[in-house]
1. Within the range 134-175, can you find the residues that are among the aliphatic types (A, V, I, L, M) and closer than 25 Å to Tyr204 by Cβ?
2. Do you know which residues across the range 96-109 are within 16 Å of Val138 (Cα to Cα), among the acidic types (Asp, Glu) and open to solvent by 70 Å² or more (accessible area, probe 1.4 Å)?
3. Which residue pairs have Cβ atoms closer than 7 Å, lie 6 or more positions apart in sequence or on different chains, and pair a first residue in the range 133-146 that is free of Cβ contacts under 8 Å to residues at least 60 places away in the same chain with a second residue that is of a type in the set (Lys, Arg)?
4. Hey, can you tell me all the residues within the range 202-212 that are outside any loop (DSSP other than H, G, I, E, B), of a type in the set (Lys, Arg) and under 15 Å from Asp174 (Cα atoms)?
5. Taking only the range 187-201 into account, find how many residues are touching a helix residue (DSSP H, G or I) at 6+ places or on another chain (Cβ under 7 Å), in a helix (DSSP H, G or I) and either within 19 Å of Lys140 (Cβ to Cβ) or open to solvent by 20 Å² or more (accessible area, probe 1.4 Å) (or both).
6. For the range 14-52, name all the residues that are crowded, with 16+ Cβ neighbours inside 10 Å and in a loop (DSSP other than H, G, I, E, B).
7. Scanning the range 130-147 for residues that are touching an Asp or Glu at 6+ places or on another chain (Cβ under 9 Å) and either within 20 Å of Asp174 (Cβ to Cβ) or among the hydroxyl-bearing types (Ser, Thr, Tyr) (or both), which turns out most open to solvent (accessible area, probe 1.4 Å)?
8. How many residues does the range 147-177 hold that are without any contact (Cβ under 8 Å) to a residue 24 or more places away in the chain and more than 22 Å from Gly191 (Cα to Cα)?
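The values are calculated or read from the model by the stated rules, or taken from the named source; none is laboratory data. Note that the structure is a prediction, hence the values are computed from the model and not measured. Cβ sites come from the backbone with ideal geometry, for glycine too, and all protein chains shown count toward neighbours. Note: areas computed on protein heavy atoms with side chains; ligands, DNA, RNA excluded. Shrake-Rupley method; radii C 1.70, N 1.55, O 1.52, S 1.80 Å.
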Amino acid sequence: MDNKYAKLLDKYNSILAKNSHDPYNRAVLARIYMKENKFEEAEDNYSLILQNNPEYPEALYMMGFLSMKKRRYSLAIDYFKQLISIGKANSFVYEYISILDRENRSEYLEKALEQAKSAKIRPKDYKRCAYMAFQSFVWKEYNIALEYANLAYNAKQTNDIINLLGCIYHYNEDYDKALSFFHEVNANYEGGNSYVLCNIASCYRKKNSNKMAVRYLEKAREVDSDDKLIYYNIGSIYAVTGNKKLAYENFEKALEIDENYKEARRALESVKE
């Protein structure tokens, strides 16, 4: 143990020996244990606080957090709900409970976002906002995902979050807006990311710009010549536009990569007819 923390532990244990019900000093002691990664001791002290001060916000929050850490999710929800009931919940509380409480997720996400948007966004907020953006996208909470993605983008403009913004706008069928983000991230990657190039191609395909879609898929193929999906998508465009020869060649190439690729097998048979 760091000598500094050892002295602090001695100090606050001495104070609490005289008044064991002092919630402030016991909370300080619990924080020291947290810094030392002594989570059992921290939990014991927060539990003691709640025995005499059942609405002590820090203790409720930390007991919820520690319960999550130990995968005691129902207990964590109970602590976070107590914080909400006494009007002491912040965006972190609503975000945590939205992860845990699937049934009421949308309601908690709205509350979390409301609180997050009311605070000044700083670079250190990026990781949290980006995590919530990606999770919300996975949960199909697309409007929430867009809001969190914008918060993350304002905190730090990383390629991951720029690409996610493109994906959200693509889902919302705003292909021009999606393209603006995909082109931005493609420039950052200097055209070297096949996934982003495929995203650009998908937008052009949705806009019925098949030549542009094929152009970007071919660029993606140059980056990753072993991706069966790239060949399948090129073949699909040629099939739709009536070029059966090139469609056949690309479906065949996809099957060379994966002979069990059922979609490509069916597509190949269809252009044979």
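1. Matches in the range 134-175: Ala145, Leu146, Ala149, Ile161, Ile162, Leu164, Leu165, Ile168.
2. Glu103
3. Hits for this filter: Trp139/Arg105.
4. Those that are outside any loop (DSSP other than H, G, I, E, B), of a type in the set (Lys, Arg) and under 15 Å from Asp174 (Cα atoms): Arg205, Lys206.
5. Final tally of qualifying residues: 4.
6. Those that are crowded, with 16+ Cβ neighbours inside 10 Å and in a loop (DSSP other than H, G, I, E, B): Asp22, Glu36, Lys38.
7. Our first condition is that a residue be touching an Asp or Glu at 6+ places or on another chain (Cβ under 9 Å); within the range 130-147, this holds for 130-136, 144.
Still in the list and also either within 20 Å of Asp174 (Cβ to Cβ) or among the hydroxyl-bearing types (Ser, Thr, Tyr) (or both): 131, 133-134, 136, 144.
Details: Tyr131: 109, Ala133: 0, Phe134: 80, Ser136: 0, Ile144: 8 Å².
Restricting to residues being touching an Asp or Glu at 6+ places or on another chain (Cβ under 9 Å) and either within 20 Å of Asp174 (Cβ to Cβ) or among the hydroxyl-bearing types (Ser, Thr, Tyr) (or both), the top hit is Tyr131.
8. 3
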